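Student: Here's a structure for you.
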Amino acid sequence: MSSDHPGESECHRGSCICTSYDLRITQRCMVEDLHLAADTRFWDAMSHPIVKGFVAKRQQVPISGKTVGSNCGARTLYHLSVGNDHRGATWHDTTNRVVWLCAYGWHRSGEPDDAFQIFRILLENNRMYPITADYRRLIVDHQLRFTEMAVVQAGALHEAAMSHPGIIQKGVLGYRVPVRIVLNVSSEIADLTIAFSTLDLSKVNLRKQEIAFIVKCFTPEPEGPLIDFSDTIGGAPLLSGEIAFQIIMPA
Amino acid sequence: MARFNLDIAPLRPTASAFQNQAAAAEFIETNFPPTASPQPRVRLINLEGNHLDVGALVEMILPITQGIRAGAYGNLAFGVIASDEHVSNAVTALAEMHQVPLFISRAVDHAFDDPKPIGALTLADEDTFQLLCQLGGAATSADMAQAKGIEPAAATNRLTNMVKKGYIFRVSRSRREGDLFVAPCLRNDIHGEDVPADLIVAMQEDEVQLPTEVRDSVIQLAREQGKTPEQVLGEAWKAYFRQNREALQQEFKKVGGLIRSVDTEALVDYMLPDLDARAKEAEQRSHVDEGGA
């Protein structure tokens, strides 16, 4: 998996990747509260105590502690406390599988710039939760993660298929798309068959561009080999919902 | 006819898991990895016939139920099978003390027929769950409102509250049909071979995330052809590509060039032509879930 820092594979661009969700920081919080650039990578933001605390306290359990403001169902904000001074507000966005750090401030009990006064004002002004720009970055980061990983994983699968002609190799590209491939070699030609479902593991329908990308991950050569459809893979019928492409190359 | 796609399984821990806290923790870790899967799942642990260590019992029940409440397990309903009254009482007390969603069943043979919800339930919740079961285990808020003689909004609130607490599943359907609320029980008239086709398709619909107008067409076509939405989508893509061979070859050429250039950001731009629309949709979806609507 691609990573911002060697040995820190859990961080990728704006995300800290947990088992079933990402930890992310809203752009407003990043710029106005943490005083960092909007496109700061998560790893770089981890020098801040509240972000360290965010990872320590939310990477296993997405919600815990007291609420910030009143309990409002799926939109309830939770209090994040780090040491005596640092306070944050987090929201578990279950729909998009993200825990957001929505706000940060200093704890100054009774004073007007106390974190909870600031959180209250953000809520009143409807500036607390992530906005379209945050989701835009989330989608781009997810797609970058998928793209970077898929190219590497397709290469490894292709090598395995070349080492074991005639045997179907299975893998999952970018943790999203299960694929099966098989290489058949005769004296003159080699054909590589790639089969995958048009729904990824999250049951999201793949787009035309993603389908083309998956196929070309295995053979990105410029002078394109002949690519055609196939109704079988390794002589066996396709699985329910699968489509397959056959790439024919000189042996 | 396809079966209702509710994933139900009993689990039997090893003897050591009943008496050793570490073994209990290992059993839970192995069998309950956190997942945000939307697939509705029901898991019951069979506690029958073993001497239980209290620490092991807590270790087996509490982390899962707290995780369900926190949303770490997606659509999971969790319970125990305990015929011994003392064990049953202890489990009930534990669920009530920690206000966590749990089901309890008295016998292995009928464990999935009528598991009893315990824990964080108010009297209104109990009443709602009972009525949902009387309605066959699955109903819309309109069904519930009619049966209870209350306003539809009030019925929706009651059911949504139960979903949030982790006691029932919500199956998204078109606005016209209304979402379906399903109790995690296995009644033959609901989840067996006699399932109405509408319900089966509704469950499958929930698993396919497509724009509503496309999704409705896929579901309708799947229903008419007796296929799954996945099969219909696969065939649609095949037909599309067969009719657009030239365009597809162009796509291959374009994407191949981008991969070779190692310009990942350009590749992402290519694959996300509708990025802004998708970002808006993601934001709106999070707002829609705000009120459980």
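The values are calculated or read from the model by the stated rules, or taken from the named source; none is laboratory data. None of the values given here were measured: they were computed from a predicted structure. Positions of Cβ are backbone-derived with ideal geometry, glycine not excepted, and every protein chain shown enters the neighbour counts. Quick note on the areas: whole protein, heavy atoms, side chains included, nothing else; ligands and nucleic acids left out. Shrake-Rupley method; radii C 1.70, N 1.55, O 1.52, S 1.80 Å.
Student: Can you find a residue in region A:75-84 that is of a type in the set (Phe, Trp, Tyr), within 22 Å of the chain's Cα centre (by Cα), within 14 Å of chain B (Cβ to nearest Cβ) and open to solvent by less than 40 Å² (accessible area, probe 1.4 Å)?
Tutor: no
Student: Which ones in region B:242-290 are β-branched (Val, Ile, Thr), more than 7 Å from every other protein chain (Cβ to nearest Cβ) and farther than 30 Å from A:CYS72 by Cβ?
Tutor: Listed by number, the list holds a single entry, B:VAL262.
Student: Go through region A:85-103 and give me each residue that's open to solvent by 10 Å² or more (accessible area, probe 1.4 Å) and either of a type in the set (D, E, K, R) or touching a Lys or Arg at 6+ places or on another chain (Cβ under 8 Å) (or both).
Tutor: Passing the criteria: A:ASP85, A:ARG87, A:THR95, A:ASN96, A:ARG97.
Student: Filter region B:121-140 for residues that are in contact with a strand residue (DSSP E or B) (Cβ under 7 Å, 6 or more places away or on another chain) and assigned to a helix (DSSP H, G or I); which is nearest to B:ASN161 (Cα to Cα)?
Tutor: Result: B:PHE129.
Student: Return the only residue of A:LYS52, A:LYS66 being away from every other protein chain (no Cβ under 14 Å), charged (D, E, K, R), under 27 Å from A:SER109 (Cβ atoms) and touching a residue at least 24 places away in the same chain (Cβ under 8 Å).
Tutor: Details: A:LYS66 fails: touching a residue at least 24 places away in the same chain (Cβ under 8 Å).
After applying the criteria, what remains is A:LYS52.
Student: Show the residue pairs meeting these rules: Cβ distance below 7 Å; 6+ apart or different chains; first residue within region A:126-137 and farther than 14 Å from A:VAL99 by Cα; second residue in a loop (DSSP other than H, G, I, E, B) and open to solvent by less than 40 Å² (accessible area, probe 1.4 Å).
Tutor: As it stands, the answer is A:ARG137/A:GLY14, since those pairs meet every condition given.
Student: Continuing with this model, one more query. Do you know which of the residues in region A:138-195 that are within 14 Å of another protein chain (Cβ to nearest Cβ) and of a type in the set (Ser, Thr, Tyr) is most open to solvent (accessible area, probe 1.4 Å)?
Tutor: A:TYR175
Student: In the list B:THR128, B:THR122, B:THR160, which residue meets the criterion of being surrounded by fewer than 17 Cβ atoms within 10 Å (Cβ to Cβ), at pLDDT 85 or above and of a type outside the set (Lys, Arg)?
Tutor: B:THR122
Student: Now a separate question. Would you pick out the residues in region B:9-33 that are at pLDDT 65 or above and under 30 Å from A:THR95 (Cβ atoms)? Explain how you work it out, then say what you get.
Tutor: Pass one, region B:9-33, residues at pLDDT 65 or above: B:18-33.
Matches in region B:9-33: B:ILE28, B:GLU29, B:THR30, B:ASN31, B:PHE32, B:PRO33.
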